[in-house]
1. Mind checking the log10 I(q)/I(0) for the stretch B:1-71 at q = 0.17 Å⁻¹? Debye, one equal scatterer per Cα, no solvent, two decimals.
2. Return the average number of partner chain Cβ atoms within 10 angstrom of each residue Cβ along peptide B:40-46.
3. Could you list, in their original order, any pairs among A:453/A:478; A:452/A:600; A:364/A:414 whose Cα atoms are separated by more than 22 Å?
4. Report the Cα centroid-to-centroid distance between the stretch B:119-158 and the stretch A:649-674 in angstrom, as an integer.
5. How large is ³J(HN,Hα) for each residue in the stretch A:369-378, as worked out from phi by the Karplus curve 6.51 cos²θ - 1.76 cosθ + 1.60 (θ = phi - 60°), to whole Hz, x for Gly and Pro?
6. What nm value, rounded to one decimal, do you get for the distance between residue A:708 and residue A:548 when each label is placed 7 Å out toward the C-beta?
7. Measuring from label point to label point, each 7 Å out along Cα→Cβ, what is the residue A:500 to residue A:29 span in nm?
8. Amide H of residue A:21: which non-local residues (sequence gap of 5 or more, or other chain) have their own amide H closer than 5 Å, using H built in the peptide plane?
Amino acid sequence: MGDISKPVRRFDAPEKIMGTARYVDDYFEEEMLFVRIVRSTRPRARIKSIKLPKLPSGYCVVDKNDVPGENRIKMIFDDWPFFAEDVVNFYGEPILAIAGPDREKVYELSNAVKIEYEDIPPIYTIEESEENKRPPIFGENNLFADYFYEKGDPDGAFRDADQIVEEEFRTGFQEHIYLEPQGMIAKYEDGRITVFGSMQCPYYVKNALIKAFGFPEDRIRVVQTTTGGGFGGKEEYPSQIAGIAAFCAYKTGKTVKLVYDRAEDVEFTTKRHPSRIRIKGAIKDKRVVGIEVDIALNAGAYAGLSSVVLQRAMFAATGAYRIDNVRVLGKAFATNIVPLGAFRGFGAPQAIFAIETFMNHVAKKMGEDPVRFKLAHRYKKGDTTATGGLLRSEVRLPEITEKIIEMSEYYEKKKQKEKDGKLYGIGFSMFLHGCGFTGNGEEVLKSIARLKKRKDDKVEILISNVEMGQGPQTTLRKVVAQVLGIPMEDVIYENPDTDKVPDSGPTVASRTAMIVGGLLYRVAKELKEKWKEGEEVVVEKQYRHPEYIKWDQSTFKGDAYPEYSWGANVIEVEVDPLTYEIEVKKAYAVFDLGTPLDKKIIEGQIHGGMLQGIGYATLEVMEFENGRFKQRTITDYIIPTAMDAPLFETDLVVEPYKNGPFGAKCAGELTLVGAAPAVCAAVEDALGINLYEIPIRPEKLLVLMNKEDN
Amino acid sequence: MKIEFILNGKKVEVNTDPARRLLDVLREDFGLIGVKEGCGEGECGACAVLIDGKIVHSCLVPVGNVKGKEVTTIEGLKDTEEYKVIHESFLDAGSVQCGFCTPGFVMATYALLKENPQPHEDDIRKAISGNLCRCTGYSMIIDGVKLAAKRGEKLWKD
């Protein structure tokens with residue numbers, strides 16, 4: 001690891017520590033209007049009538065009739081309306097909004113709106129959606145996406161198998177709980193709409209507003225404000241808020257603020273898709289030689305990004321393992337739940353939990369040690385992935401595994417069954433993550449990055465990717481400064497404003513460092529050649545996938561990703577023998593995420609990602625009952641505190657990617673995907689049973705263990 | 001209703017509904033944006049302030065309750081030597097990511113070290129357990145607190 005990896009102080013940190021960094025809610029203006037959304041109180045119904053309270057002067061109602069262009073949030077299928085039209089499809093769907101100068105009054109008025117509904121039989125679960133016995137929500141069969149791919153001869157593998165193992169796995173909802181709730185401020189001035197707010201993807205918001213207003217692009221401006229965490233939750237959802245705020249600004253001509261309170265944010269924004277994953281493995285000579293993975297996602301009321309989430313889940317279906325005969329099926333089901341969406345990992349956490357837990361179970365069945373069993377199946381350089389893509393780089397899983405086994409003293413601890421009166425367990429996971437957009441995403445995007453060298457010899461980074469905590473304000477400055485050989489302080493990187501920056505794509509898919517950083521690296525190389533002291537020089541480049549990447553989006557064949565990061569996790573747990581409460585005591589990680597662009601920032605990503613994955617497996621329970629979530633605040637929906645967090649021990653193995661800046665690969669999502677299966681394996685080890693579901697809840701363990709006893 | 005209190009060392013007076021949340025009065029009437037609203041129900045600690053030296057979630061305090069008391073926000077701490085030590089320590093330990101929770105953690109760190117200048121890891125975990133962070137996994141915040149305890153050794157004992 002060279003100079004680039006050496007930690008520096010973060011550029012964004014001083015203002016954040018002092019409390020002077022301005023998040024969206026920290027902007028105040030005289031004569032600013034507040035907005036409250038009036039939402040459906042039915043999971044599925046036809047709107048029969050709406051009765052409004054008498055509005056005092058200065059207050060107004062904004063609804064579907066106030067959308068100047070199309071009442072659809074631009075995404076993939078564009079089926080999601082800003083405001084419900086005749087039908088509501090989930091509890092909390094926006095129907096109208098009330099804007100006015102006094103926040104309390106706006107709340108009072110919005111509570112006084114009376115809506116009459118005619119209920120339509122709702123659909124909540126994957127099974128209800130699959131049965132299709134009620135009027136479908138989407139199309140004729142409730143399917144937002146229905147995909148399939150194959151490799152080798154899976155039928156032959158099952159025919160010739162010594163044994164076939166079939167299991168079914170379930171994963172739950174997960175809510176992002178970024179600490180800063182979502183929000184936007186909108187203005188309409190001189191014929192232009194400007195929106196400021198908390199977001200990951202300024203151009204997603206801009207494109208959504210272009211469609212919603214029917215304006216030419218120069219009449220829409222989007223500016224990111226300092227963003228207090230995203231984790232995918234601020235990928236597609238901010239367009240919903242931006243639209244409503246902008247419609248209110250357009251109608252009133254005033255500056256409008258729409259900031260969600262935590263309860264709204266927990267209950268009505270996107271979350272991680274619950275899944276049902278069925279795996280059937282063909283076993284021959286104690287090895288998995290064929291596999292069929294059938295993935296069903298509960299996608300919620302509108303398509304959103306579910307089709308792409310499903311694709312990533314499907315491409316991760318065989319995990320880090322070479323299995324030559326593969327069939328993967330995937331469906332995203334429409335239900336009357338808030339649309340499920342992007343969340344760190346984007347479908348991979350569900351798939352990796354299932355395949356890892358399956359491999360553990362098969363290993364145990366074969367009487368083999370799971371670590372050795374997994375190593376025997378792991379990918380090697382030159383292998384082809386499940387989609388037939390070529391692994392061109394060294395796959396350093398043996399080294400990663402060796403390090404983590406040694407660091408965690410895995411085998412010594414594996415013998416232990418009790419600790420301080422608690423049941424003790426240790427679990428291992430091995431996994432990969434595809435870097436950057438799935439499939440042909442990067443080719444469609446054609447991101448542009450620009451550097452502007454000013455007359456004062458300072459250099460501006462002009463990209464649309466955002467700092468939301470993950471560190472690009474620091475890491476990308478480092479990349480540019482190091483290529484140019486100038487001090488980092490001479491590199492300027494402000495929160496993106498679509499009037500100033502080109503579209504370098506969204507801040508998602510762990511693509512900012514590797515894809516956009518790689519592009520900036522090449523732009524900086526060229527700028528260095530064209531550098532003229534005291535003069536302005538602008539260089540920009542458009543991203544192209546390396547020539548050797550081959551992908552067919554219609555058959556899902558080829559290189560689903562240009563490169564992969566790899567990792568292994570070990571988790572130690574203690575389980576209370578009476579209550580079955582789980583304490584995660586230690587978390588170990590070894591990753592190959594290429595060259596770290598800053599060791600400290602990467603360390604922070606690892607801890608944070610793993611704790612989110614540990615929460616996903618244990619504390620973070622979100623239940624849907626009678627058309628609503630039971631957990632609607634952060635008093636009910638629990639995320640780990642400092643008392644719940646384990647001690648972390650981490651290390652890196654570096655296999656650089658030649659097109660990443662200084663060899664960097666993807667990092668942000670990789671850190672989350674392996675934690676849940678390692679926790680599950682540890683709890684299984686502690687209790688001596690097999691588990692098939694996350695979150696792992698003490699009350700369910702109690703029932704399971706009582707069954708075991710009988 | 002007129003409510004007088006000491007805010008960041010200065011005597012102030014507000015004429016407002018005593019049931020209004022202290023959080024809103026600090027942010028809206030005094031522009032103290034370092035006090036953040038993360039949940040509004042006393043779970044996250046982003047709105048933490050000191051009232052007579054004790055750490056409190058300002059979203060749970062009606063402003064009427066601080067009458068005659070001393071309220072300190074991050075803005076009031078900013079020029080103290082103690083703050084500077086915490087600031088530098090958080091920078092060096094990598095304690096900050098998205099930053100929304102950070103001022104709250106600074107307040108909790110200050111309150112802890114004032115009471116317990118040489119805390120053990122468990123003391124630190126307990127002291128910051130009223131503050132939620134979704135980015136860091138807490139480890140590097142704990143490192144920041146330890147570093148501040150070490151670097152500010154004499155300061156905390158005064």
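Quick note: the coordinates plus some simple rules give every number you see, no bench work behind them. Quantities reported herein were computed from a predicted structural model and do not represent experimental measurements. Cβ atoms come from the backbone with ideal geometry, glycine included; neighbour counts cover every protein chain shown.
1. For the requested q values the scattering log ratios are -0.52.
2. What the average comes to for B:40-46 is 5.
3. Numbers: A:453/A:478 16 Å; A:452/A:600 28 Å; A:364/A:414 14 Å.
From the list (A:453/A:478; A:452/A:600; A:364/A:414), the Cα-Cα distance tops 22 Å for A:452/A:600.
4. After rounding, the separation between the Cα centres reads 29 Å.
5. With the stated coefficients, the stretch A:369-378 comes to 6, x, 5, 5, 4, 5, 4, 5, 9, 5 Hz.
6. Once both label points are built, they end up 4.8 nm from each other.
7. Roughly 1.8 nm, to one decimal.
8. A:16
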